[in-house]
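Report on the following structure.
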Amino acid sequence: MKEKILTKNFGLKNSFKIDVYLEKKGYTAVRKALKEMTPEQILDEVKKANLRGRGGAGFPAGVKWSFVPDVDKPKYLCANADEGEPGTFKDRYIMAHDPHLLIEGVIITCFCVGIHHAFIYIRGEYEAVALRLEQAISEAYEKGFLGKNILKTGFKLDITVHRGAGAYICGEETGLLESLEGKRGYPRLKPPFPASIGLFQCPTVINNVETLSNVPAIILKGADWFCQQGLPGDGGTRIFGVSGMVKNPGIYELPVGTSLRDIIFKHAGGMKEGKTLKAVIPGGMSAPILRADEIDLKMDFDSLVEAKSMLGSAAIIVIDEETPILEVLKAVAKFYSHESCGQCTPCRIGTSWINKIVKRLVQGKGEQEDLKAILRLANNILGKTLCPLGDAAAMPISSIVEKFNDELESSLIQ
Amino acid sequence: MSPEFSEQTKKKIKEVISRYPRMEASLLPVLHLTQQEFGYLPEEAERAVAKMLRIKPVRVREAVTFYTMLHSQKKGKYHIQVCSNLTCSILGAEKLIDYLRNKLKIEPGETTADSKFTLSTVECLGACEAAPCMQINFDYYGNLDKKRIDSILESLD
């Protein structure tokens, strides 16, 4: 029987309080890391664990940390809690139900990389969750897990909760940095990567909330154990967030590599009210759509790439036969045209043109050329923007038009 | 004319600024506090914030016009923000938005004549397990239907 790593405390009464967390052996990983391990040993363990980024890109966390140069500048950690990817709500659960798990992961990561100030960048709408995080952080200061002399080891760390103000682009790591510096969230040209030049031009690690929350378990139980919970090259579990036309929408922590069909039909209870499955978006809105006959898939980064989609944030949106595909396309086109930051022309203009065309289709005024125009515009965004938002718009839009071409054509003026 | 901040907000702003290695980085939290104080961010408030953080007023304007949660215009006492993203629309958000339009007799983006309600449609709120959902000021409401919307609005005075 595989174990739960991230959600094990969620059902407990007052699971967000430090006393409950300590009772469940919380903060023992921090003790072990700070008192018995060197930063190099921690880095090795996390690298061996193949902990891949849970925000969407899947970059190995340990490798990311190792890119931070040893320079005479302050270093920063930004926990990415922006969680704007449509369909995604897992990080909210972690922060609301077990904020100390995240804090513990942050402390160990900072000790490993030599960081003394961490920020948790949380989306502005999550005000209640931000307050809970702040309470948890003050508890951690009181008990000596944060502050000037953590567990009397001489290591010091402060954590600041920073609330965003409503912009999807701030979940992109360099957009997040700009926003945290008090500016518009315009993504930066890479390289240089944030590991060398990040927040205030200083070396910066940016990890997703779920990624950081896995670190304590890796320290306590080891990399081998962690890999066994998932796949050798993609360790641990994922919190799958299932929403849409299913009986039991919600979060399900399951091993990396669990079948998509099982997640929908076994864990989330199958389709709602006897509806028939039409399509699934398997990794947040940015992920290319899958038809109902394409869901016999393992949910890990590599399998989804093979299926020409993306595991992304592991947010699964389930769409039934009665939902017109045009409604799906409309929501996707509207979202990206609203959230494009406007910096790169292909994305700014492309997403708004696609949105206008799709609106025309919805009004029943679509013509044959329109579907081709959407594909052409999407193709002209793909790979031509500073940040991944352009691709994140182009890929799902193209996949919807290509895979559901017949249905879309039937909505056109004949 | 410079707007009057309450002593309590001034204290909070000072404390917030102290959390950041550079003053200008506290712009978003300071704007959140300022908006909480005045209900929105009039130009005078933008200028006051710029002065406080020793940055140019245009830097504040850039932020206010970029982030959807920062408002240059007054909103109603209750800002109803209905999610119109994918999961919520699969589960009927559009009908609920129509219901609210008819019930409040305003279009999205507008405020009722008595300044009680502002209606907006927003992108994903990150509460898809409870779709269709909405946020009123900072409170989340999920699993909505017409009946539930009625009772929620009735509970707001």
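The values are calculated or read from the model by the stated rules, or taken from the named source; none is laboratory data. None of these values were measured; they are calculated from a predicted model. Please note: Cβ atoms are built from the backbone with ideal geometry, for glycine as well, and neighbour counts cover all protein chains shown. The area values use the complete protein model at the heavy-atom level, side chains included, leaving out ligands, DNA and RNA. Shrake-Rupley method; radii C 1.70, N 1.55, O 1.52, S 1.80 Å.
Ignoring ligands, DNA and RNA, how much accessible area is buried between chains B and A, both sides summed, with a 1.4 Å probe, to the nearest 100 Å²?
Summed over both sides, the interface buries about 3800 Å².
Using DSSP, restrict attention to beta bridges with both residues in segment A:18-229 and report what percent are antiparallel, rounded to the nearest 5.
Antiparallel: roughly 10 percent of the beta bridges in segment A:18-229.
Relative to 2.2 N^0.38 Å, what does the C-alpha radius of gyration of segment A:218-351 come to as a ratio? Two decimals please.
1.17
How large a share of the accessible area of chain A, in percent, is made up of carbon and sulfur atoms when the probe is 1.4 Å and the other protein chains stay in place?
52 percent
Could you work out the helix-only [θ] at 222 nm for chain A, with each DSSP H run of four or more residues adding -39,500 (n - 2.57) and the total divided by the number of residues, to the nearest 500 deg cm²/dmol?
Value at 222 nm, helices only: -12000 deg cm²/dmol.
Over segment A:85-158, what is the relative contact order in percent, taking alpha-carbon pairs closer than 8 angstrom and at least six residues apart?
Relative contact order comes out at 31 percent.
Spin-label point model (7 Å from Cα, Cβ direction): what's the residue A:262 to residue A:20 distance in nm?
Here the modelled spin labels are 2.9 nm apart.
Using only Cα positions of chain B, each an equal point scatterer, no hydration layer, compute I(q)/I(0) via Debye at q = 0.08, 0.17, 0.21 Å⁻¹ and quote the log10 values to two decimals.
Treating every Cα as an identical point scatterer, log10 I(q)/I(0) equals -0.29, -0.98, -1.21.
Quick one: helix A:325-339 against the long Cα principal axis of chain A, what's the angle to the nearest 10°, folded into 0 to 90?
50 degrees
Taking only Cα atoms, what is the 0 to 90° angle, nearest 10, from helix A:99-113's long axis to the longest principal axis of chain A?
That works out to roughly 70 degrees.
What's the angle, to the nearest 10 degrees (0 to 90), between helix A:39-48's Cα axis and the longest principal axis of chain A?
That helix lies at roughly 30 degrees to the long axis.
What relative contact order, as a whole-number percentage, does segment B:78-155 give when Cα pairs under 8 Å and 6 or more residues apart are counted?
Here the relative contact order equals 38 percent.
Which three semi-axes in whole Å describe the equivalent ellipsoid of chain A, each the square root of 5 times a Cα gyration tensor eigenvalue, listed largest first?
Square roots of five times the eigenvalues give 38, 24, 18 Å.
Once phi is turned into θ = phi - 60°, what whole-Hz ³J(HN,Hα) does the Karplus curve with 6.51, -1.76 and 1.60 give for every residue of segment A:216-227, x standing for Gly and Pro?
Rounded to whole hertz, the list is x, 5, 5, 5, 6, 10, x, 5, 4, 4, 4, 4.
Quick check: Cα centre of segment B:87-137 to Cα centre of segment A:376-403, how many Å?
First find each Cα centre; the distance between them is then 29 Å.
For each cysteine in chain B, check whether another cysteine's C-beta sits under 4.7 Å from its C-beta; list those where none does.
B:124, B:128, B:133 - these cysteines have no disulfide-compatible partner (Cβ-Cβ under 4.7 Å) in chain B.
If I model a spin label at residue A:306 and residue B:151 as a point 7 Å from the Cα along the Cα→Cβ vector, what separation in nanometres do I get?
Distance between the two pseudo-spin positions: 4.9 nm.
Can you work out ³J(HN,Hα) from phi for every residue in segment A:346-362, in order, using Karplus 6.51 cos²θ - 1.76 cosθ + 1.60 and θ = phi - 60°, giving whole Hz and x for Gly and Pro?
Running phi through 6.51 cos²θ - 1.76 cosθ + 1.60 with θ = phi - 60° gives x, 6, 4, 6, x, 5, 6, 5, 4, 4, 5, 5, 5, 4, 5, 4, 4 Hz.
If you put +1 on each Lys and Arg Cβ and -1 on each Asp and Glu Cβ, how big is the dipole of the protein assembly as shown around its Cα centre, in Debye rounded to 20?
The dipole magnitude comes to about 1120 debye.
Please report the antiparallel percentage of the DSSP beta bridges confined to the protein assembly as shown, to the nearest 5.
Given both bridge residues lie in the protein assembly as shown, the antiparallel proportion sits at roughly 45 percent.
For segment A:330-355, which residues drop by 20 square angstrom or more in accessible area between the chain on its own and all protein chains together (1.4 Å probe)?
Buried by 20 Å² or more upon assembly, which counts only protein chains, are A:330, A:331, A:334, A:335, A:338.
Taking segment B:78-155 on its own, what percent of its Cα-Cα pair distances exceed 17 Å?
Every Cα pair in segment B:78-155 considered, those over 17 Å come to 35 percent.
How high is the relative contact order of chain A, given as a whole-number percent (alpha carbon pairs under 8 Å, six or more residues apart)?
Answer for chain A is 16 percent.
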